[in-house]
Amino acid sequence: MTVLEILLGLALLVAGGDLLVRGSVGLAQRFGISELLIGLVLVGFGTSTPELMTSVLAALNGSPGIAVGNVAGSNIANILLILGLTALICPLRVDPAALMRDGPANALAALAFTGLALTGLIGREAGLALVLALAAYLVITYRMEKGQKTPAAELHRGGTELVIPQPKPSHLSLNLLMAFGGLAMILGGAHFLVAGASTIARAAGVSDAVIGVTIVAVGTSLPELVTSVMAALKRQTDIALGNILGSNLFNILGILGLTAVISPLQVPQEIMRLDIWVLLGATAALLVFAMSGWRLSRREGALMLLAYVGYTGVILAKALG
């Protein structure tokens, strides 16, 4: 029954995230909001909503290990698993202008996460600072790219076209139904996923943090996986990379920040000892690979996938050993 609960939760998260993004983008387009702003805010926030709801519910249910582990594990999976798999499908080209802006922002966010995690507690003040940093980043990016035809601006606009490749629904009621229906499905999916994951952790005698960085993290990263693989198959590989960079920023600054504002987070020792350092290493490796020839090759993608397999193996060996 617990396995079915987790599978139902994952299915609701994926389907709900897709509906929420499509409905929200449709509403924004109907009211004349620019594609740049939609790409920056709605698409990035929409694909990260499963992580947000899951982390908030986990924190409120007294499972901070799932909440913090979900953010750390999702970012690790985004880089090593999703980008690695995407690069294997099709080598990813890198827009230097977009990387030079979003890359350092990702590095700073990862360093901020590390610093806060090593204190052992992410409080409301720290959470608010992270949310304000995300807001400042979005405002600066929007002002830099508004009205521009730069590759970076076109990348964010392209994210809108990727999530809604077919003709957009024109009826306001349909867009509203999709948006609110998707949100309801995400809430239900997060509830089932957190409940099922907590039950498995207790039954297997492992910590919430282990479940958070494995099952929950990969499950809530499925929207990014689908979006990135779609982009690779369409040969829109710059969008695939931009999607992951944007999602990782939202995860740390937005999701971790909002969750800590709602409920201060105690950081488990397991995350302080291993996962936070893997996240830092994965972020550094991504930036180095991306700047070497301004592309992610299939060989680099394979190395990232192997690193993820090794990381997961170490976690499971420690948990079950």
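Only the coordinates and a few stated rules stand behind these numbers; no lab work does. In this text the structure is predicted, and so the values were computed from the model without any measurement.
Residues in the range 221-235 carry Karplus couplings, in order, of 8, 4, x, 5, 4, 4, 4, 5, 5, 4, 5, 5, 5, 8, 6 Hz; the curve used is 6.51 cos²θ - 1.76 cosθ + 1.60 with θ = phi - 60°, and Gly or Pro positions show x.
Length, then width, then depth: along the principal axes, the Cα atoms of the chain run 53, 47, 38 Å.
For the pair L121 and L174 in one chain, pulling the backbone fully straight at 0.36 nm per residue adds 14.8 nm over the alpha carbon distance.
For the range 170-209, state the average projected area of the convex hull of the C-alpha atoms over all orientations, rounded to one decimal in nm². Write out the running numbers ahead of the final one.
Working: hull surface 12.9 nm².
Answer in nm², one decimal: 3.2.
Residues whose amide H lies under 5 Å from that of L121, counting only those 5 or more places away or on a different chain, are V267; hydrogens are built 1.01 Å from N in the peptide plane.
Once C-alpha pairs closer than 8 Å and six or more residues apart are averaged by separation and normalised to the residue number of the chain, the relative contact order reads 43 percent.
For K318 and Y142, compute 0.36 nm times the residue count separating them, minus their Cα-Cα distance, and round to one decimal in nm. The partial results should precede the final answer.
On the way: separation 176, 0.36 × 176 = 63.36 nm, distance 4.41 nm.
Once the chain is fully extended between K318 and Y142, it gains 58.9 nm.
Note on the chain: with a GNM built from Cα contacts shorter than 10 Å, the maximum mean-square fluctuation among L233, L88, L99 falls on L233. In whole Å, how far is the Cα centre of the range 52-118 from that of the range 194-230? Comparing the Cα centres of the range 52-118 and the range 194-230, I get a distance of 14 Å.
What 222 nm value per residue comes from the helices of the chain, counting each DSSP H run with n ≥ 4 as -39,500 (n - 2.57) and dividing by all residues, nearest 500 deg cm²/dmol?
Values: 15 runs with 235 residues, N = 321.
Per the formula, -24000 deg cm²/dmol.
How far, in nm, would the chain grow between A11 and M291 when pulled straight, counting 0.36 nm per residue and subtracting the alpha carbon separation? Walk me through the numbers before you get to the answer.
On the way: separation 280, 0.36 × 280 = 100.80 nm, distance 3.59 nm.
In short, 97.2 nm is gained.
For a test of the definition: using alpha carbon positions, the gyration tensor, and the 1.5 limit on a/c, classify the range 179-295 as rounded, prolate or oblate.
On the way: a/c = 1.92, a/b = 1.34, b/c = 1.43.
Because a/c hits 1.5 or more and a/b fails to exceed b/c, the range 179-295 counts as oblate.
Computed from backbone phi with θ = phi - 60° and the Karplus coefficients 6.51, -1.76 and 1.60, the 3J(HN,Hα) list for the range 200-208 is 5, 4, 5, 5, 8, x, 10, 7, 4 Hz; x is used for glycine and proline.
Sequence-ordered 3J(HN,Hα) estimates for the range 274-290 from the Karplus curve with 6.51, -1.76 and 1.60 and θ = phi - 60° stand at 10, 4, 5, 6, 5, 4, 4, x, 5, 5, 5, 4, 4, 5, 5, 4, 5 Hz, glycine and proline given as x.
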